[in-house]
Structures are given as structure tokens and as C-alpha cells.
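A short write-up of the structure that comes next.
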Amino acid sequence: MEFKAIHDKRRCMLGAVPVEGGVHFSVVCQGEEVNLLLFQDNGRKPAARIPFSSQDKVGDVWNLTLLGDFQNFTYCYEMDGKLAEDPYGQSFCGRETWGSVKNAEKILRAGLKKEEYDWEGDQAPEIPFEECIFYRLHPRGFTRHSSSGVKNRGTFSGIQEKIPYLLELGVTTLEILPSVEFQEVMMPHKADVSPYVKAQEEKPSGKVNYWGFVPGLYFAPKASYCSGGENTPAAEFKDLVKALHREGLELVMDLFFTGEETESFVLDVLRFWVMEYHVDGFNLIGFAPVRTLGRDPYLSRVKLLAQSWDQVPGGKHRHLAEYNEGFAIAMKRFLKGDEGMINSLIHYTRRNPGDCAVINYMANVNGFTLMDNVSYDQKHNEANGEHNQDGTDYNYSWNCGVEGPTRKKRVLEMRRKLIRNAVLLTFLSQGTPLLLAGDEFGNSQSGNNNPYCQDNEISWLNWNLVKSNEKLLEFVKAVIRFRKDHPVFHFAKEPQNMDYRSLGMPDVSYHGEKAWKPEFEQFRRQLGILYCGPYGKKKDGSPDDYFFVAYNMHWEPHEFALPNLPKTMRWFVAVNTDAKEVNGIYPQGEELFLERQKQFMVPPRSILVFMGKEWTAPEEEKKVSSAGARRRKAEGGKAAKEPSKETEKEA
């Protein structure tokens with residue numbers, strides 16, 4: 001075989017770029033010597049070793065245009081005598097098997113074959129944040145368990161097989177943990193290892209990094225998340241994105257950066273995945289140049305999630321979102337009955353800035369699952385091999401009286417009610433809700449709040465729970481539908497707590513046990529929130545319903561006075577997390593009519609959602625009402641101040 005090198009330093013794209021008759025290679029190196037090593041048919045020794053010329057250098061970028069036939073060839077670099085991978089490589093061989101210690105120390109070779117792919121007119125859904133329901137999953141653990149029922153377990157294809165389930169659940173946006181090529185076999189002293197050049201003397205530790213929050217080869221999908229056979233990782237990932245888009249679903253990728261990457265490199269990564277793989281957004285974890293990314297015109301319609309976007313303008317399309325645990329900490333504390341949380345409840349249920357969305361969740365990968373949050377007081381991370389010293393000590397959880405699994409019916413029922421409360425706290429708040437995969441059917445990690453190294457049944461979803469916890473799953477589905485049906489719970493911008501349209505009451509208002517009198521003492525654990533329906537418009541253009549949400553996280557019942565509705569409306573109970581006989585929620589159109597319209601005794605540790613609906617009294621009740629009105633007139637209005645039992649029944 002013969003290759004011809006020509007001088008060409010005019011190209012600015014890094015990596016291996018096809019050109020007419022060959023390939024142009026560009027790589028960053030601050031050393032004195034760079035060689036291209038070409039391997040044919042997976043050979044162990046280089047078939048060719050071609051030096052870069054220093055005269056074709058631009059700054060620290062070495063350039064080489066090579067003419068020839070590169071069919072069945074792979075490559076890597078040699079920099080000052082050390083082997084190095086191409087950070088811009090778009091496919092790699094050698095890490096197709098997950099957790100292989102045999103290949104842990106290998107320098108990966110990048111492929112040179114450019115695949116053609118038919119996107120079939122694929123279009124991004126571009127769902128506004130206020131209409132999104134996020135669902136965070138691990139690409140492997142989501143379907144790796146034998147109970148998942150998919151053909152290709154633990155792969156991108158396995159996720160695609162679960163699309164019908166995701167549609168039935170009602171989520172709109174999948175967030176997947178790091179799916180770029182990374183070294184899952186953990187190596188010692190990884191903090192001292194350059195992401196570009198690997199130390200040859202490293203030895204595997206025997207543990208795996210299941211989450212993938214480590215530096216990686218950012219331009220290639222992870223090969224071991226591919227089902228193999230005729231499928232390539234690139235094609236299988238694109239098939240997943242295309243299938244999701246076809247059903248109106250989005251895909252957001254987690255990307256981890258150390259802060260040592262250049263801003264231009266990070267920009268190249270994000271732009272590449274948008275252009276090449278049609279992804280809909282990124283959760284930026286670690287240290288990313290958010291100021292640069294947030295202003296990039298190529299990313300102006302791409303969802304960008306980060307811990308904070310302070311001093312970064314939101315732009316016209318509201319594509320930035322704050323993603324941190326502030327909501328989770330406050331709401332978990334309120335859920336378990338901590339005092340002094342009413343102000344936080346008001347803040348987080350209302351917060352939804354116009355220029356930057358917020359992502360709200362009760363559970364995430366770094367912490368307890370929702371089920372474990374009501375089953376454990378302490379972390380149980382012994383299986384991680386770090387003497388239970390890893391993971392946070394602040395879980396803000398409550399085990400309901402028993403640590404871990406139990407058969408006590410009282411404890412189990414309390415846990416189910418608290419989970420229903422947690423789901424409502426998330427989905428009735430104005431920000432964008434996020435559900436951790438498996439929380440909808442009670443997935444547990446046995447109290448492990450940091451399973452970063454657990455590639456086993458601790459981290460894999462057990463799909464048998466779909467059947468055993470089907471009532472919880474049905475409740476979550478119903479709450480998601482409820483949120484979607486009622487725009488007052490997901491305004492496009494934060495409610496103003498004002499009647500700015502002169503509708504008779506504010507868009508959102510706050511109440512204590514007495515209507516229009518919120519109580520903020522430290523010992524208070526009760527709050528009512530009233531939503532004025534006409535401030536929200538349903539999909540058909542009609543005004544939304546009125547809602548009053550009564551939160552009582554005290555261990556004692558509290559009677560709430562219900563605010564007055566317009567004359568033609570009455571209060572109905574739509575959700576009652578204490579009502580286990582209806583699984584906490586009444587079907588649409590079958591909401592429970594309240595006999596007493598003035599007050600309601602809210603049970604301990606419960607949330608009730610009252611729905612204001614148009615109401616026409618039956619004929620016999622109209623007659624009683626008319627007689628009562630005549631009597632009150634004859635008594636000079638005294639009965640209006642002190643309602644008789646008959647008057648209360650009329651209401």
C-alpha cells in the first residue's frame with residue numbers, strides 16, 4: 001500500500017476529515033514530534049508510520065493531508081514517543097465489551113470510514129421547557145436487568161424498544177447519563193492522567209465507573225452501549241434519536257468536563273452532537289464554559305442545562321435551564337415535616353424565571369431513589385468498598401419508622417402516601433419536572449445513595465416492580481396527565497401573585513388555615529395555594545379550572561377554609577394523597593363533590609387538590625335553597641353569618 005503526504009495547513013477542522021482522494025489529519029500537540037500510525041485489518045503492528053511536518057504546524061495544531069485508500073484502516077498518534085488517541089475521533093475499536101479489564105490499558109484506534117446515514121427528514125421537536133417532562137436514565141442500567149423484556153438489553157437499541165412505555169408514562173424528554181466513549185474500568189491516579197495522552201504504566205483497579213462522569217473521547221458514542229452485530233454505535237445512536245423524534249420525544253445528553261478542556265474544544269463537542277446526531281440538549285456537568293456556550297448562536301435553540309446561568313443572557317428562545325439540587329433539598333425537608341419550610345415551599349412551587357427555566361426533581365442519581373428516600377434514614381454504601389464513607393450524609397429522608405424493607409402495613413402505607421406527596425410536590429410546581437427512571441414504580445437501590453461503581457442489580461432497573469407497584473405507576477401516570485391538562489401548573493413564566501388582568505383574584509395566591517391569610521411561623525407545616533383558572537388557557541383555548549392545593553405535612557390534621565369561587569362554581573376533590581381507596585387521585589370527570597364547601601379537614605401528612613368546576617344544583621336542592629333564602633331574608637340576614645346545618649347542606 002502507498003500513501004502520499006502533501007503540504008496543507010489551510011484547514012481548521014481538527015480530527016480526521018475526508019478530502020478528495022484521502023484524509024486530512026489535524027491534532028493538537030505541544031511536543032516536538034508527531035507521527036500518524038496506521039493499522040490495517042485490526043493488525044497489532046502499524047502498517048505505516050507517517051511523520052507530521054513542522055512546517056505544516058499552525059500554533060500547536062499539526063496538519064497532515066494524506067492521499068490514498070483508507071478502507072479497513074484505523075489510526076492513532078505517536079507524540080514524542082508516546083501513543084495517544086485522537087480526541088476528535090468519531091469511532092473507536094477495542095472497547096466494544098463493557099468492563100473488559102483486558103482492554104483497559106489499550107490506546108484506542110479511531111476509525112476512518114465515514115458512514116452515510118438517512119435521517120428521513122428528521123426534525124427536532126423543540127418542546128418548550130414549560131411543557132417538558134424530563135426522565136433521566138442510564139443507557140445501560142435502564143434495560144440491563146433480565147426483567148426489562150427487551151431484545152438488546154443494556155443498549156441504545158434497548159432504550160428504543162422502550163419507547164411505547166415512555167409514551168404511555170407521559171414523559172417528553174429523555175436525559176441520558178454520559179454516552180460518549182469513556183474508560184469504565186477504573187484506573188488509579190486518574191487525576192494525574194491527561195485526557196489526551198494516557199500513562200502506559202497504569203493498572204486497572206478492578207472497579208468500574210458505572211456513571212461515566214470522567215473525561216472521555218467526546219466525539220464517539222460508547223461502543224459497549226451498542227447491541228453489536230451489523231449495528232455500529234453511531235448508527236444505533238442515530239436510530240434512537242430518530243425514533244424518539246418520530247414520536248415527538250427529545251434526547252438530552254449528559255456531558256462531563258473537567259475544566260481543563262479549551263472553550264473551543266467544548267464548543268466543538270456540543271456543535272458536533274447537534275449537527276451529526278440531532279440531539280436536543282445537554283446537561284453540562286463538572287466545569288464547562290457556560291458563558292461561552294450560553295451565547296453560542298449555533299446552540300441558541302438547543303436545551304442547555306447547568307448548575308447556574310448567572311450573568312448569562314437567556315436569549316430569545318429560552319433554551320437555558322438551571323439544574324441543581326436546591327428544589328430537592330427544600331422539598332424533601334418539607335415532605336418529612338421539618339419546621340420553617342413554608343417560605344421555601346412558596347419559593348420553589350412558584351419559581352420559573354422568564355429567561356431561564358429550572359429543572360425540579362426529588363430524586364436523582366447522586367442520592368436516594370424516591371423509594372429509598374422514604375425507607376432509609378441513613379446511607380448504606382458498604383458495597384462500594386469504601387467503608388460507607390462515600391456519598392452524602394445529608395439525605396433529608398425519613399424511613400417512616402423502620403430502616404429498610406418491612407412487612408408492617410402501617411409503615412408501607414405511610415411510605416406510599418409520602419411518595420404520592422413527593423410526586424405532587426414535583427409536578428404541581430411551576431418549573432420543569434424531572435423523574436428519575438424507576439421512581440415511577442418504586443425502584444430501590446437498597447439504601448445506596450452513591451452507586452457510581454455498581455454495575456449490577458443495585459443500579460439496574462427491576463422491571464418486575466411495574467407489576468408489584470402498579471398502583472404507584474398508575475398514580476404517576478395520572479399526575480403527569482393532570483399536569484399536562486392544566487396549564488395553571490406550568491405557566492410559560494413565573495406567576496406574579498397579582499391580579500394583573502383584573503379577573504377578581506391573583507394568578508396565584510397563598511393561604512393559611514384561614515383563606516387569604518398565609519401563616520409563616522417557624523412551626524407551621526401547612527399552606528394553601530389558589531390558582532385562578534382563567535390565567536391559564538387549555539389546548540382548545542378555553543380557560544383552565546380553578547384549583548386550591550392544600551399542603552399539610554404536619555402529623556396532625558388541620559382544617560382549611562376554602563376560598564370562595566365564582567357563584568356558578570363549586571369545589572370538587574381531584575387529588576387526595578390520603579385516599580388510598582382511589583389510589584390518591586380521582587379519574588377525570590369523576591372528581592368528588594364536597595358536601596361542605598366552606599371548610600375541609602386535611603389529614604396528616606397529606607396533599608389535597610380541590611378543583612373548582614361549573615355546577616348545576618339538582619331540582620330538589622334548588623327548592624331547599626330557595627326556601628333557605630326566604631328564611632334568611634325574614635331573619636334579617638343573621639343566618640348568613642352563622643350558617644345553619646341546612647344552609648351548609650345546601651352549599
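Just a few scattered comments:
- Note on the stretch 469-511 and the stretch 137-160: Cα centroid distance 34 Å, given to the nearest whole angstrom.
- Note on the chain: dipole from Cβ charges, positive end direction compared against Val466, Val61, Val582; the farthest Cα belongs to Val582.
- Applying 1/(1 + (r/R0)^6) with R0 = 60 Å to the Cβ-Cβ distance of Ser468 and Lys45 gives a FRET efficiency near 0.60.
- FRET E, pair Ser53, Glu247, Förster distance 60 Å, beta-carbon r, rounded to 0.05: 0.75
- Burial ranking of peptide ranges 601-613, 545-557 (average Cβ count within 10 Å, highest at the top): 601-613, 545-557
- Length released on extending from Val19 to Glu33, taking residue separation times 0.36 nm less the Cα-Cα span: 2.6 nm
- Full extension of the chain segment joining Gln588 with Ser147 gains 155.5 nm, where the gain is 0.36 nm per residue of separation less the Cα-Cα distance.
- Inter-part distance where the stretch 87-113 and the stretch 234-286 are each reduced to a Cα centre, Å: 20 Å
- Cleavage-rule hits (chymotrypsin sites (Phe, Trp or Tyr not before Pro)) in the stretch 374-419: DSSP loop, at most 12 neighbouring Cβ within 10 angstrom: Tyr394
- The order of the peptides 491-503, 355-367, 276-288 by mean Cβ neighbours within 10 Å, most packed first, is 355-367, 276-288, 491-503.
- Unit charges on C-beta of K, R, D, E only; dipole of the stretch 415-475, Debye: 360 debye
- Calculated SAXS-style log₁₀ I(q)/I(0) at q = 0.08, 0.09 Å⁻¹ - the chain, Debye, Cα scatterers: -0.66, -0.80
- In this structure, the pairs whose alpha-carbon distance is over 27 Å, taken from Lys113/Lys222; Lys316/Lys539; Lys303/Lys539; Lys336/Lys517; Lys477/Lys539; Lys106/Lys242, are Lys106/Lys242.
- Distance between the pseudo-spin-label points of Met498 and Ala383 (7 Å out from Cα toward the beta carbon): 5.3 nm.
- Rg ratio (alpha-carbon, reference 2.2 N^0.38 Å) - the stretch 262-362: 1.24
- If you take the Cα centroid of the stretch 364-378 and the Cα centroid of the stretch 10-79, the two points sit 49 Å apart.
- Förster radius 56 Å - calculated FRET efficiency between Lys82 and Glu339 (Cβ-Cβ, nearest 0.05): 0.40
- MRE, 222 nm, helices only [DSSP H, n ≥ 4, -39500 (n - 2.57), over the chain, to nearest 500]: -6000 deg cm²/dmol
- Here the spin labels are modelled as points 7 Å beyond Cα on the Cα-Cβ line, and at Asp239 and Lys580 they lie 4.5 nm apart.
- Which of Gln311, Tyr323, Leu299, positive extreme of dipole for the stretch 284-328 (C-beta unit charges): Leu299
- Taking a point 7 Å out from the Cα of Phe272 in the direction of its Cβ, the residues of the stretch 52-95 whose backbone N falls within less than 13 Å of it are 85-92.
- When the trypsin sites (Lys or Arg not before Pro) in the stretch 31-81 are filtered for DSSP coil states and for at most 12 other beta-carbon atoms within 10 Å of their beta-carbon, the remaining sites are Arg44.
- Magnitude of the charge dipole for the chain, about its Cα centre and with charges confined to Cβ atoms of Lys, Arg (+1) and Asp, Glu (-1), is about 2280 debye.
- Taking the Cα centre of the stretch 356-405 as origin and assigning +1 to Lys and Arg Cβ atoms and -1 to Asp and Glu Cβ atoms, the resulting dipole is close to 220 debye.
- Taking label points 7 Å from Cα along the Cα-to-Cβ direction, Thr406 and Lys538 give a separation of 4.2 nm.
- Extreme residue, positive dipole direction of the chain, given options Gly31, Asn381, Gly21 (C-beta unit charges): Asn381
- Of the trypsin sites (Lys or Arg not before Pro) found in the stretch 93-132, the ones in coil according to DSSP and having at most 12 other Cβ atoms within 10 Å of their Cβ are Lys102.
Every read-out reported here was derived from the displayed coordinates using simple, explicitly stated rules and does not represent laboratory data. None of these values were measured; they are calculated from a predicted model. Positions of Cβ are backbone-derived with ideal geometry, glycine not excepted, and every protein chain shown enters the neighbour counts.
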